[in-house]
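Okay, structure first, notes after.
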Amino acid sequence: MKKTLTSLAVATLALFGAQAIAQQSPSRADVKKETAEANKAGQIPGSGTGPSADAAGQQSPKAKAATSDTTRDARKSATAEANKAGQIAGSGTGPSADAAGQQSPKEKAMKSDTTRDARKAATAEANKAGQIPGTGTGPSAEAGAQPKK
């Protein structure tokens, strides 16, 4: 009998406890209503209704670009001139930040005196002689390494 009463008491507490917890959290409609009121009052930042960054004396990059005195064509031509002069880093025309005074392989190939046919012939000879590693004929193949399939 005591066990039945205890079980009944626990079930009753669980039922009423779940209802009490459910009533503490606001419903979805209440939350939506509160959010709409805060949005109308301008209390939600970034919604376009509150105080903007312009009012605080700050200007967004987009707004700064919109208020520029330079036209787009003038900006494009100035950028093209700087690119041709090699003043823009990372454009492939200016000095490299990695190796000052050294040429990249692409730059070396551009200034090479060797023709494409001569380069291909030299590569074919080196391949036949086994001087190019990783092609199955070089030193790694002779050491017993199996070529990749």
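Just so it is clear, none of the values below were taken in a lab; they were calculated from the coordinates. Predicted, not measured: the structure shown is a model, and the values here were computed from it. Every residue, glycine as well, gets a Cβ built from its backbone with ideal geometry; the counts of neighbours run over all protein chains shown.
Data table
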quantity	calculated
Two-site label geometry, K84 and Q43: point separation in nm, points 7 Å out along Cα→Cβ	6.0
Extended-chain gain in nm, criterion 0.36 nm per residue less alpha-carbon gap, K64 and K3	14.4 nm
Residues I132 and K108, FRET efficiency given R0 of 25 Å [Cβ-Cβ distance, rounded to 0.05]	0.85
Added length on full extension, which subtracts the Cα-Cα distance from 0.36 nm per residue, K32 to A74	10.2 nm
